[in-house]
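Enquirer: Take a look at this one; I'll ask things after.
The values are calculated or read from the model by the stated rules, or taken from the named source; none is laboratory data. Just so you know, these numbers come straight off a predicted model, no measurement behind them. Note that we place each Cβ from the backbone using ideal geometry, even for glycine, and neighbour counts take in every protein chain shown.
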Amino acid sequence: MSDTYEIDDNGEPVETGPETLPLDAWNRARGGRMVEFAGYWMPVQYEGIIAEHTWTRTHAGLFDVSHMGQLLVSGEGADAAVEALLPIDLATLRPGMQRYSLLLAEDGGILDDLMVSRWPEALYLVVNGATKWDDIAHLREFLPDEVTLNHLDDRALFALQGPEAFAALERHATGEYPLSALTFMHFGKFEIGGVEVMISRSGYTGEDGFEISLPAEAAAQIADLLCGEPEVKPIGLGARDSLRLEAGLPLYGHDLSETIDPVSADLSFAIGKRRRAEGAFPGAERILSLLADGPSVRRVGLVLEGRMAAREGATIFHGGELVGSVTSGGFSPTCARPIAMGYVSAALAAPGTKLEIEMRGKRLPAEVVPLPFVPHRYHRKGA
């Protein structure tokens with residue numbers, strides 16, 4: 001069934017096709033090549049994926065990520081209720097901070113990965129667009145009645161990423177303190193063009209950058225302001241994917257799924273120290289056992305010889321034995337070679353391990369390498 005549907009007079013769902021986002025007309029006017037993604041029309045590219053990828057790595061790119069779910073959880077006992085579903089330690093999440101976390105199934109499988117921020121008197125969650133309706137249903141089922149879940153569907157979300165993102169945004173963002181006071185994984189309230197917005201210093205490209213939550217009706221106005229700066233160009237989904245792959249960041253539905261646990265996915269950092277000691281989160285028994293004994297498979301980075309890229313689903317071999325599969329792959333513009341991520345037997349996950357990836361009936365030489373492929377350039381506190 002399509003992600004977008006309405007209910008007819010008989011109470012039956014009727015598919016309606018992709019929806020549009022607040023910036024739809026703006027994206028089309030800018031030459032965006034629109035495709036269906038997560039139930040929405042979204043731009044996959046403007047000038048070309050490699051050109052947009054390179055521009056973001058060297059200047060700044062504006063991504064329309066308004067398809068993602070922006071949720072607000074509030075009410076008495078909200079922290080405890082969220083901790084019952086995520087392995088996050090909210091006692092250490094102070095106002096103005098955000099953190100990566102995981103929505104877990106009862107067996108420890110990953111239902112989604114998400115960002116959690118402590119807004120005034122509430123927790124602000126950003127979930128993946130392709131899973132947001134399932135996430136909302138899951139949260140509403142398991143959150144107690146005294147805890148309120150609001151879907152902020154009247155807001156748009158932008159990501160401004162790249163080494164020149166700060167310079168471009170600083171010209172427009174005003175607030176109680178300067179934009180320079182924001183460091184990686186922190187956020188604050190600002191104004192852009194007279195519009196109140198929430199800005200976090202975060203993103204999913206590996207570059208320094210910002211995510212901006214704003215009223216949907218102001219989307220075109222603020223996009224015009226930011227893209228009016230010489231450092232900034234609009235960037236599509238294609239470059240967003242190649243950038244996050246170079247950064248070694250997993251994509252839900254590809255590198256992460258309900259069948260994958262956080263330890264195998266190399267996301268153990270998302271399990272708080274106190275939560276490891278206390279448990280009491282979904283799948284705790286299994287996950288804590290994997291932390292202690294090690295998983296049978298691990299997510300790894302892979303580089304390939306030659307020019308042919310490995311794609312999702314390609315099988316990985318060692319000495320003629322099937323040992324894993326590729327979950328994300330492509331040609332890296334920055335590294336100028338094919339790269340991939342996938343899961344292999346834990347005994348073969350050490351950097352330097354020689355493997356083979358089968359593509360189009362051919363076995364391509366590959367090697368396990370540390371992640372990320374391109375170093376992160378986050379603006380961390382104290383840097």
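Enquirer: Going by the structure shown, is ARG274 touching a helix residue (DSSP H, G or I) at 6+ places or on another chain (Cβ under 8 Å) and assigned to a helix (DSSP H, G or I)?
Expert: yes
Enquirer: Grab the strands (runs of 3 or more DSSP E) fully contained in region 1-102, keeping just those with 1 or more residues being over 20 Å from the mean Cα position of the chain (by Cα) and modelled with pLDDT of 95 or more.
Expert: Of the strands (runs of 3 or more DSSP E) lying wholly inside region 1-102, those with at least 1 residues that are over 20 Å from the mean Cα position of the chain (by Cα) and modelled with pLDDT of 95 or more span 33-37, 69-74.
Enquirer: Any residue at all in region 255-272 that's assigned by TED's automatic domain parsing to the domain that holds ALA81, farther than 29 Å from ARG311 by Cα and not β-branched (Val, Ile, Thr)?
Expert: Checked against the condition, which is being assigned by TED's automatic domain parsing to the domain that holds ALA81, farther than 29 Å from ARG311 by Cα and not β-branched (Val, Ile, Thr), region 255-272 yields at least one hit.
Enquirer: When THR58 is evaluated against the numbered criteria (1) buried (at least 17 other Cβ atoms within 10 Å of the Cβ); (2) touching a residue at least 40 places away in the same chain (Cβ under 8 Å), which criterion, by number, is the only one it fails?
Expert: Only one criterion in (1) buried (at least 17 other Cβ atoms within 10 Å of the Cβ); (2) touching a residue at least 40 places away in the same chain (Cβ under 8 Å) is unmet by THR58, namely (1).
Enquirer: Which pairs turn up if I take residues in region 63-86 that are farther than 24 Å from ALA220 by Cα and not assigned by TED's automatic domain parsing to the domain that holds LEU152 and look for partners that are modelled with pLDDT of 95 or more and of a type in the set (A, V, I, L, M, F, W, C) with beta carbon separation below 6 Å, at least 6 apart in sequence or on another chain?
Expert: If the second residue must be modelled with pLDDT of 95 or more and of a type in the set (A, V, I, L, M, F, W, C), no pairs are left.
Enquirer: Of everything in region 118-155, what is under 16 Å from the mean Cα position of the chain (by Cα) and assigned to a strand (DSSP E or B)? Give them in sequence order.
Expert: Of everything in region 118-155, those that are under 16 Å from the mean Cα position of the chain (by Cα) and assigned to a strand (DSSP E or B) turn out to be TYR124, LEU125, VAL126, VAL127.
Enquirer: When region 333-360 is examined, which residues are found to be charged (D, E, K, R) and more than 23 Å from THR205 (Cβ to Cβ)?
Expert: LYS354, GLU356, GLU358, ARG360
Enquirer: Take the residues in region 289-308 that are charged (D, E, K, R) and surrounded by 11 or more Cβ atoms within 10 Å (Cβ to Cβ); name whichever of them is farthest from THR327 (Cα to Cα).
Expert: Selected residue: GLU305.
Enquirer: How many residues are more than 25 Å from PHE269 (Cβ to Cβ) and more than 22 Å from the chain's Cα centre (by Cα) if we restrict to region 290-315?
Expert: 8
Enquirer: Pick out the one residue from LEU226, LEU214 that is buried (at least 18 other Cβ atoms within 10 Å of the Cβ), of a type in the set (A, V, I, L, M, F, W, C), under 30 Å from THR334 (Cα atoms) and in the same structural domain as GLY32 (by TED's automatic domain parsing).
Expert: LEU226
Enquirer: While we're on this one: Just one of the numbered conditions (1) out of contact with any Lys or Arg (no Cβ under 6 Å at 6 or more places or on another chain); (2) crowded, with 17+ Cβ neighbours inside 10 Å is not true of LEU182; which one?
Expert: The one condition LEU182 does not meet is (1).
Enquirer: Which fully enclosed strands (runs of 3 or more DSSP E) of region 188-270 have 3 or more residues being under 22 Å from GLN70 (Cα atoms) and within 15 Å of the chain's Cα centre (by Cα)?
Expert: 209-215
Enquirer: Give all pairs with beta carbons closer than 7 Å in which a residue from region 277-298 that is in the same structural domain as ASP79 (by TED's automatic domain parsing) and touching a residue at least 12 places away in the same chain (Cβ under 8 Å) meets a residue that is loosely packed, with under 13 Cβ neighbours inside 10 Å and of a type outside the set (D, E, K, R); count only pairs at least 6 apart in sequence or on separate chains.
Expert: If the second residue must be loosely packed, with under 13 Cβ neighbours inside 10 Å and of a type outside the set (D, E, K, R), the pairs left are LEU288/GLY279.
Enquirer: Let me ask another. Looking only at region 106-117, count every residue that is without any contact (Cβ under 8 Å) to a residue 60 or more places away in the chain and part of a loop (DSSP other than H, G, I, E, B) and tell me the total.
Expert: 0
Enquirer: Hey, any hits in region 149-161 for a residue that's touching a Ser or Thr at 6+ places or on another chain (Cβ under 7 Å), over 30 Å from VAL374 (Cβ atoms), in the same structural domain as ASP261 (by TED's automatic domain parsing) and touching a residue at least 60 places away in the same chain (Cβ under 8 Å)?
Expert: For region 149-161, residues touching a Ser or Thr at 6+ places or on another chain (Cβ under 7 Å), over 30 Å from VAL374 (Cβ atoms), in the same structural domain as ASP261 (by TED's automatic domain parsing) and touching a residue at least 60 places away in the same chain (Cβ under 8 Å): present.
Enquirer: Which condition number in (1) surrounded by fewer than 18 Cβ atoms within 10 Å (Cβ to Cβ); (2) in a loop (DSSP other than H, G, I, E, B) is the one that VAL374 fails?
Expert: Of the numbered conditions (1) surrounded by fewer than 18 Cβ atoms within 10 Å (Cβ to Cβ); (2) in a loop (DSSP other than H, G, I, E, B), the odd one out for VAL374 is (1).
Enquirer: Are any residues in region 334-348 at negative phi, surrounded by fewer than 18 Cβ atoms within 10 Å (Cβ to Cβ) and not in a strand (DSSP E or B), and if so, which ones?
Expert: Listed by number, the residues that qualify are THR334, CYS335, ALA346, ALA347.
Enquirer: Being closer than 21 Å to LEU355 by Cβ, β-branched (Val, Ile, Thr) and without any contact (Cβ under 8 Å) to a residue 40 or more places away in the chain, is that true of even one residue in region 304-324?
Expert: Yes, there is a match, as at least one residue in region 304-324 is closer than 21 Å to LEU355 by Cβ, β-branched (Val, Ile, Thr) and without any contact (Cβ under 8 Å) to a residue 40 or more places away in the chain.
Enquirer: Checking ALA137 against (1) farther than 26 Å from GLU217 by Cβ; (2) in contact (Cβ under 8 Å) with a residue 40 or more places away in the chain; (3) small (Gly, Ala, Ser), only one condition comes out false. Which one?
Expert: Evaluating ALA137 over (1) farther than 26 Å from GLU217 by Cβ; (2) in contact (Cβ under 8 Å) with a residue 40 or more places away in the chain; (3) small (Gly, Ala, Ser) leaves (2) as the failure.
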